[in-house]
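Report on the following structure.
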Amino acid sequence: MEPVTIKGLTFGAGLPKICVPLTAPTLPKLIAEAENAAAHRGKDADLCEWRVDSYIYRNTAAVREAFWNLRQVLKGMPLLVTLRTKSEGGGADCTGEGYLYRIEELIRLRPDLIDSELLTAGGPATRAVWEAHQAGVKVVLSSHDFNRTPSAAEMMTRIAKMDGLGADLCKIAVMPQCAEDVLTLLGVSVQASAIFRAPLITMSMGRLGAVSRLCGSLSGSAVTFGTLGDASAPGQLPAGLMAEILPLLGNEE
């Protein structure tokens with residue numbers, strides 16, 4: 001694993017970084033969420049994820065306005081911009097070229113990181129990575145399964161593809177049906193973090209998989225998602241609780 005540093009925050013070294021979601025549907029509420037996150041920076045929030053698919057807007061100008069408001073409020077706190085599709089647990093109803101077009105619009109805003117779904121973008125994911133890097137934007141290639149936990153071989157194949165496409169971070173999120181599924185995800189994370197270049201973000205969702213959000217120092221997951229308000233995925237824990245537990249479960253060096 002090769003650590004990645006963004007605005008002084010290093011992914012893949014030290015404790016897992018806590019990312020808090022911004023999911024408000026309107027600009028006033030979004031700004032309030034961002035102000036709260038900024039107030040927690042360095043305590044129990046290291047970076048933010050703006051879930052654009054949760055935001056109600058009419059055109060790209062409204063997205064641009066919201067983005068620049070976030071930039072002002074967050075005052076240099078790293079920002080991951082995500083358009084999560086319905087097929088992967090979000091609210092955006094788009095696939096293929098339509099999805100890629102919207103990702104390219106978000107890249108032009110020049111966030112610190114952009115999330116691009118590996119399976120939704122399909123082959124054009126290569127283009128998304130290239131365009132993001134041309135704009136100086138780091139890429140999180142991601143894959144989410146809200147119905148099951150794929151086999152270890154399938155998850156390793158997805159991570160290998162992400163890494164091969166040049167992802168700066170590779171993300172796998174799956175839903176467990178039993179304790180063995182959680183252990184499968186953790187085993188894949190340990191193995192992949194020792195093999196591949198890009199730092200990993202891995203999690204087993206829901207209450208059953210909550211432990212996977214706390215043991216990144218052991219499993220090799222560089223980022224965990226915690227809440228300061230509404231959760232953006234099943235099983236997310238309060239960021240304050242995570243900030244207390246993470247140092248107890250991992251090496252801070």
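The values are calculated or read from the model by the stated rules, or taken from the named source; none is laboratory data. Bear in mind that the values here come from a model prediction, so they are computed numbers and not experimental data. Reconstructed Cβ throughout: ideal geometry from the backbone, glycine too, with neighbour counts over all protein chains shown. Heads up: the accessible areas ignore ligands, DNA and RNA and are worked out on the full protein's heavy atoms, side chains in. Shrake-Rupley method; radii C 1.70, N 1.55, O 1.52, S 1.80 Å.
Dipole size in debye (nearest 20) for region 126-192 around its Cα centre, Lys and Arg Cβ +1, Asp and Glu Cβ -1?
Dipole of region 126-192, to the nearest 20 debye: 180 debye.
Along the positive direction of the dipole of region 113-202 (beta-carbon charges: Lys, Arg +1; Asp, Glu -1; about the Cα centre), which of Ser189, Ala121, Val137 reaches farthest?
Val137
Could you tell me whether region 1-115 comes out rounded, prolate or oblate from its Cα gyration tensor? Rule is a ≥ b ≥ c as square roots of the eigenvalues, rounded for a/c under 1.5, then prolate if a/b exceeds b/c, otherwise oblate.
Here region 1-115 falls in the oblate category.
With the contact rule set at Cα under 8 Å and sequence spacing of 6 or more, what percent relative contact order holds for the chain?
22
Which order do His133, His40 take when ranked by solvent-accessible area (1.4 Å probe, heavy atoms of all protein chains), largest first?
Descending order: His133, His40.
What is the extension gain from Cys178 to Arg58, computed as 0.36 nm multiplied by their sequence separation minus the C-alpha to C-alpha distance, in nm to one decimal?
Full extension from Cys178 to Arg58 adds 39.0 nm.
Nearest-5 percent of antiparallel DSSP beta bridges in the chain?
The antiparallel proportion sits near 10 percent.
Roll a 1.4 Å probe over the protein chains and send me the accessible area per residue for the chain in Å².
Accessible area per residue: 42 Å².
Out of (1) 89, 37, 27; (2) 110, 37, 36; (3) 45, 39, 31, which label holds the value of Cα extents along the principal axes in Å that was computed here?
Looking at Cα extents along the principal axes in Å for this model, the match is (3).
Can you compute the charge dipole magnitude of the chain about its Cα centre, using +1 on each Lys and Arg Cβ and -1 on each Asp and Glu Cβ, nothing else charged? Give it in debye, rounded to the nearest 20.
420
Roughly to the nearest percent, how much of the accessible area of the chain is carbon and sulfur, given a 1.4 Å probe?
Result for the chain: 54 percent of the exposed heavy-atom area is carbon or sulfur.
Between Ile195 and Lys161, what is the label-point separation in nm under the 7 Å Cα-to-beta-carbon projection?
1.5
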